[in-house]
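The values are calculated or read from the model by the stated rules, or taken from the named source; none is laboratory data. Keep in mind that this is a model prediction, so the values were computed, not measured. So basically every Cβ, Gly included, is an ideal-geometry build from the backbone, and we count neighbours across all protein chains shown.
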Amino acid sequence: MSAQRDMKEKSPWRTPVTIIIITVIGVIAIVALVTVAVLQNKPLSQKYKYGIVLDAGSSHTALYIYEWPAEKDNNTGRVEQTHSCKVQGPGISAYASDPWKAGESLTDCMHEAQQKVPRNKHEETPLYLGATAGMRLLNMENSSASDQVFQAVEEALRQFQFSFQGARILSGQEEGAFGWVTVNYLDDRLKQGLETTGALDLGGASTQISFVSSNYDGSESPKNSVTFRLYGNDYNLYTHSFLCYGKDQALRLTLAQQTLSGPVIISDPCFHKGYTKIKNYADLYDSPCVSHRKPQGAPATFNHTGTGNFQQCQEQIKRIFNFTYCKYSRCSFNGIFQPLVQGPFGAFSAYYFVMDFLNLTDTSEPLTEVKDKLTKYCATLWSEITAQHHTVKEKYLAEYCFAGTYILTLLTEGYNFTSESYSKIKYIKQIKGSDAGWTLGYMLNLTNMIPAEAPDSPPLPHAGYVSIVTIMAILLFIVFILSIRPLWSRCSKQLHIV
Ligand SMILES: Nc1ccn([C@@H]2O[C@H](COP(=O)(O)OP(=O)(O)OP(=O)(O)O)[C@@H](O)[C@H]2O)c(=O)n1
Ligand SMILES: [Ca+2]
């Protein structure tokens with residue numbers, strides 16, 4: 001008996017030290033359990049991924065850097081633009097006769113990108129170049145020149161450590177559709193399945209309109225229809241890109257119809273009174289948008305003189321749209337199908353630059369008032385305009401009367417926006433810090449960042465999961481304490497005996 005008692009008393013499980021150790025281990029285990037629960041799905045340190053897109057537009061090239069958390073969480077609109085760089089000089093299509101310069105022009109912005117993307121991420125960062133209407137026109141006019149420009153650009157981009165994914169011309173459909181994806185992604189409309197926003201993009205050489213129309217299924221004009229399945233929602237998008245109807249080419253079209261007989265002086269209502277400049281016929285007609293209309297036997301130059309009259313300018317601009325034929329139920333212009341515009345719209349690129357300059361971005365202002373203001377602006381003498389805006393590039397400055405009039409005419413006559421639907425347009429440059437344009441949508445698509453189906457939502461939100469594990473841990477702790485209580489009381493009795 002006494003030997004047995006001796007053994008019991010000497011058992012290591014019965015010493016106060018052992019009991020304290022067990023208690024501490026128990027507490028540590030429970031704390032660890034709760035910590036694991038709290039950190040579940042949350043990385044210890046936030047790591048980022050990067051993507052670079054070069055937008056090789058007709059008038060200029062811009063580089064955009066995007067950043068997103070590396071964790072596989074594609075369920076929120078979390079890709080953000082962290083940096084942009086405007087390439088000095090014209091768009092790459094202007095280097096047709098000197099292709100290597102097109103490549104060289106990109107290097108400054110590429111060096112900037114090297115600085116902005118962390119060094120250890122360069123190799124894994126995809127780099128894309130997408131070209132739009134300027135290269136579309138060059139490709140139509142001289143495909144070998146366009147190939148050479150691409151070769152030069154690719155060679156230049158391969159010099160960098162980034163993961164170069166190629167340079168190509170986007171179709172007008174892609175340009176329109178990706179602009180729409182960008183706007184709706186940044187507005188968090190796709191993930192939540194909200195009513196979408198239409199996209200209006202005005203470039204230098206082409207212009208795009210894209211929107212979802214509830215009473216259009218895409219069958220009437222399949223080439224104007226793009227279908228997407230994003231986050232579990234189906235979208236049937238109407239989109240069209242009008243080549244030659246960007247701001248610069250539309251100006252050529254408008255001027256070309258005033259120079260049919262090859263006059264020496266052109267009195268242009270879209271330019272300010274007092275504006276006068278000698279221009280070359282060869283330059284005006286140096287574009288496939290107008291080259292076929294070059295007047296025979298025209299002199300080398302003409303004197304481009306402004307008369308500053310909004311009403312007459314609008315008349316001239318209307319004539320570049322053809323409304324005479326339409327084989328569909330309804331058309332915008334030039335025989336292109338378009339359902340009635342519907343819902344809110346975001347208007348960006350030159351829509352924004354121009355209307356922002358003219359202080360006409362407030363679309364709650366009635367259209368009649370917008371027209372009145374533009375009438376006054378166009379009627380202002382050129383000398384006054386240059387005096388008021390001496391910091392603005394003269395080429396841009398001379399064209400704002402035309403550009404503003406063109407925008408209003410394109411929207412109301414071309415796309416059939418009414419006073420009411422015009423008020424649903426928002427002129428935008430950026431949404432939540434990222435530029436509106438096709439580049440973000442293009443990258444999201446190429447990196448598969450937008451899933452077709454909504455991500456499986458966990459049965460409980462993260463907070464709910466943490467609460468349940470915490471409650472269970474507390475219960476476990478109470479049970480544990482209760483179970484070691486007899487040991488504690490026996491232990492303290494022993495201490496009393498001693
Ligand atoms: N502050 C500015 C900047 C640009 N522009 C005009 O805006 C047009 C260019 O718009 P942009 O969206 O940059 O065109 P690109 O992308 O170069 O052309 P595209 O999309 O047709 O390829 C040009 O006509 C340019 O004169 C302007 O009026 N004011
Ligand atoms: Ca563009």
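Criterion applied to ALA156, ALA145, ALA167, ALA152 was being at negative phi, outside any helix (DSSP H, G or I) and touching a residue at least 40 places away in the same chain (Cβ under 8 Å), and the one residue passing it is ALA167. In a residue-by-residue description of the range 302-324, the property of being over 30 Å from GLN338 (Cβ atoms), in a loop (DSSP other than H, G, I, E, B), more than 16 Å from ligand 1 (Cβ to nearest atom) and outside the structural domain of HIS60 (by TED's automatic domain parsing) applies to at least one position.
If you check ASP234, ASP248 for being within 10 Å of ligand 1 (Cβ to nearest atom), modelled with pLDDT of 95 or more and over 18 Å from the mean Cα position of the chain (by Cα), only one passes: ASP248. Could you tell me whether the range 94-105 includes any residue that is touching a strand residue (DSSP E or B) at 6+ places or on another chain (Cβ under 8 Å), within 21 Å of GLU175 (Cβ to Cβ) and surrounded by 18 or more Cβ atoms within 10 Å (Cβ to Cβ)? No, every residue in the range 94-105 fails to be touching a strand residue (DSSP E or B) at 6+ places or on another chain (Cβ under 8 Å), within 21 Å of GLU175 (Cβ to Cβ) and surrounded by 18 or more Cβ atoms within 10 Å (Cβ to Cβ). No other residue among ALA452, ALA403 is among the aliphatic types (A, V, I, L, M) and either buried (at least 21 other Cβ atoms within 10 Å of the Cβ) or under 22 Å from GLN208 (Cβ atoms) (or both) apart from ALA403. Restricting attention to the range 173-191, the residues being in contact (Cβ under 8 Å) with a residue 12 or more places away in the chain and farther than 16 Å from ASN445 by Cβ number 2.
For (1) within 16 Å of ligand 1 (Cβ to nearest atom); (2) assigned by TED's automatic domain parsing to the domain that holds GLY130, each residue gets a yes or a no:
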site: PHE150; (1), (2): yes, yes
site: ARG158; (1), (2): no, yes
site: GLN165; (1), (2): no, yes
site: ALA177; (1), (2): yes, no
site: VAL183; (1), (2): yes, no
site: ALA199; (1), (2): yes, no
site: SER221; (1), (2): no, no
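For GLU124, the criteria (1) among the acidic types (Asp, Glu); (2) within 14 Å of ligand 2 (Cβ to nearest atom); (3) under 17 Å from VAL53 (Cα atoms) hold in every case but one, which is (2). For beta carbons closer than 6 Å, sequence separation of 6+ or different chains, a first residue in the range 107-135 that is over 29 Å from GLY204 (Cβ atoms) and in contact (Cβ under 8 Å) with a residue 24 or more places away in the chain and a second that is more than 16 Å from ligand 2 (Cβ to nearest atom) and in a strand (DSSP E or B), the qualifying pairs are LYS121/TYR50. Can you pull out the residues in the range 358-387 that are closer than 15 Å to PHE310 by Cβ and of a type in the set (D, E, K, R)? Scanning the range 358-387 gives GLU369, LYS371, ASP372, LYS373, LYS376.
If you go through the range 379-403 and keep only what is closer than 27 Å to SER423 by Cβ and touching a Lys or Arg at 6+ places or on another chain (Cβ under 9 Å), you end up with ALA379, THR380, GLU399, PHE402, ALA403. Residues that are within 28 Å of THR375 (Cβ to Cβ), among the small types (Gly, Ala, Ser) and within 25 Å of the chain's Cα centre (by Cα) do occur in the range 349-362, at least one of them. For the range 350-387, give me the residue count where each residue is part of a helix (DSSP H, G or I), of a type in the set (A, V, I, L, M) and away from ligand 1 (no atom under 16 Å from the Cβ). Looking only at that region, the number is 4. The condition of being of a type in the set (A, V, I, L, M) and touching a Ser or Thr at 6+ places or on another chain (Cβ under 6 Å) holds for only one of VAL149, VAL153, VAL183, that being VAL183. Against the test of being under 21 Å from GLN151 (Cβ atoms), over 20 Å from the mean Cα position of the chain (by Cα) and either of a type in the set (D, E, K, R) or at pLDDT below 95 (or both), the options LYS101, LYS42, LYS47 yield a single qualifying residue, LYS101. Please tell me if LEU194 is hydrophobic (A, V, I, L, M, F, W, C) and either surrounded by fewer than 20 Cβ atoms within 10 Å (Cβ to Cβ) or more than 16 Å from ligand 2 (Cβ to nearest atom) (or both). It is true that LEU194 is hydrophobic (A, V, I, L, M, F, W, C) and either surrounded by fewer than 20 Cβ atoms within 10 Å (Cβ to Cβ) or more than 16 Å from ligand 2 (Cβ to nearest atom) (or both).
The C-beta contact set for the range 78-96 (first residue within 15 Å of LEU129 (Cβ to Cβ), second residue surrounded by fewer than 17 Cβ atoms within 10 Å (Cβ to Cβ) and not basic (Lys, Arg), distance under 8 angstrom, 6+ apart or interchain) comprises CYS85/ASP108; CYS85/GLU112; VAL87/ASP108.
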